[in-house]
Amino acid sequence: MDFLILFLIYVFLVLLSILVVCIYSGRKQSFPSRYVTWLSQVLLCLIPSQVQETAQRVLHKLFHTRNCLFVVLHLILEALVYGEYTWEVFGYCKELEFSTVFLLLPYLLLTVNMGFFILCSKTNPGSITKSNQDLFLHVYAYDGVMFESGIDCSTCEVRKPARAKHCGVCNGCVHRFDHHCVWVNNCIGAFNTRYFLVYLLSLTSMAASIAILAATFLIEVVILSNMMLGYYTDDKGQERPADASFIVQHLFLTFPRIVFMLGFVIVLSIIIGSYFCFTLYLVLTNQTSNEWFKSARYKCSCSQHCSRHRGYKNIYSKGIWGNIAEVVKPLTNTGKRK
Ligand SMILES: [Zn+2]
Ligand SMILES: [Zn+2]
């Protein structure tokens, strides 16, 4: 099997895995989740208990406490991609007389991305404490299904406003809680969702701009060297015209780091771009990830509404422009329009 087919299978499997996780997340009775549960039970029987305890401690530290591991990983990946771009792609593209503005665009996007990354991680997402709980208590109405009135958080002991949720990682309740993001090491809530949206958009644009530049450079190399008109000798000693598979393998052998980086930034553009579209959909419909995820529980699967399943309806949407305005200028009791 040649390199191109192996690479395409790899990209396909990565995208398929992500799709399966997205589709079946939250559906505990679905086939993939039953399979994963069964597989984990089998593995648990095979692994010694001491190893299990250590693994649990490490996983707890990584995913259930605030730590900088994913922030460092994120910075290392960015440094590797930008290092390769600066070291090889930028110089080669300059020799081929690419537009300087086009070549500097990834650095401009990196500056924007870093700014919004800092805003996402340093902005208070809307932490609710005993001293400020009154400010959040009447911002949103309780829908009586997902959010019930008169409930106190058992950990922080604050009265829970509608749309708030306790974050186990940050150990606090957050106003209009969306999710806890390990990549920015902070909760995404009412006051930093706007920054998170621009952060995702700039990250997608960074990956896409580098992918376009690297792909354009490789296409230029193929065109300028007339590679498509060339011939190569196969394993059986027969001369064959250069096809797409041969050209990709040849480029990989000549520019291995650039081709590898191109594959990585293409996959990254698709994944982060899809996630940005999902986050934008949530903003336009005035839902949080937490509400979108939980809403599946309240959907009635019966043909008629039964007493066990109370139908969930999003009562917070005010139309597209109203929903965007709410994310740009988050509501608090003092700023709420009456
Ligand atoms: Zn709490
Ligand atoms: Zn958190």
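Is one or more of the residues making up segment 71-83 β-branched (Val, Ile, Thr), under 30 Å from Glu220 (Cα atoms) and either exposed (fewer than 12 other Cβ atoms within 10 Å of the Cβ) or free of Cβ contacts under 8 Å to residues at least 40 places away in the same chain (or both)? Full working, then the answer.
At the first step, the residues of segment 71-83 found to be β-branched (Val, Ile, Thr) are 71-72, 76, 81.
Narrowing further to those that are under 30 Å from Glu220 (Cα atoms): 76, 81.
Right, trim to either exposed (fewer than 12 other Cβ atoms within 10 Å of the Cβ) or free of Cβ contacts under 8 Å to residues at least 40 places away in the same chain (or both) and you get 76.
The answer is yes; a qualifying residue exists.
Go through segment 138-153 and give me each residue that's more than 30 Å from the chain's Cα centre (by Cα) and within 14 Å of ligand 1 (Cβ to nearest atom).
Within segment 138-153, Ile151, Asp152 meet the criteria.
Could you please tell me which pairs satisfy a Cβ distance under 8 Å, a separation of 6+ or placement on different chains, a first residue in segment 174-193 that is away from ligand 1 (no atom under 13 Å from the Cβ), and a second residue that is open to solvent by 10 Å² or more (accessible area, probe 1.4 Å) and among the acidic types (Asp, Glu)?
Between residues of segment 174-193 that are away from ligand 1 (no atom under 13 Å from the Cβ) and residues that are open to solvent by 10 Å² or more (accessible area, probe 1.4 Å) and among the acidic types (Asp, Glu), the close pairs are Ile188/Asp178; Thr193/Asp178.
Is one or more of the residues making up segment 194-209 on the phi > 0 side of the Ramachandran plot, surrounded by fewer than 19 Cβ atoms within 10 Å (Cβ to Cβ) and more than 16 Å from ligand 1 (Cβ to nearest atom)? Full working, then the answer.
The initial filter retains those residues of segment 194-209 that are on the phi > 0 side of the Ramachandran plot, namely none.
No, that holds for no residue.
The values are calculated or read from the model by the stated rules, or taken from the named source; none is laboratory data. None of these values were measured; they are calculated from a predicted model. Neighbour counts run over all protein chains shown; Cβ positions are idealised from the backbone, glycine included. We work out accessible area using only protein heavy atoms, side chains counted, and drop any ligands, DNA or RNA first. Shrake-Rupley method; radii C 1.70, N 1.55, O 1.52, S 1.80 Å.
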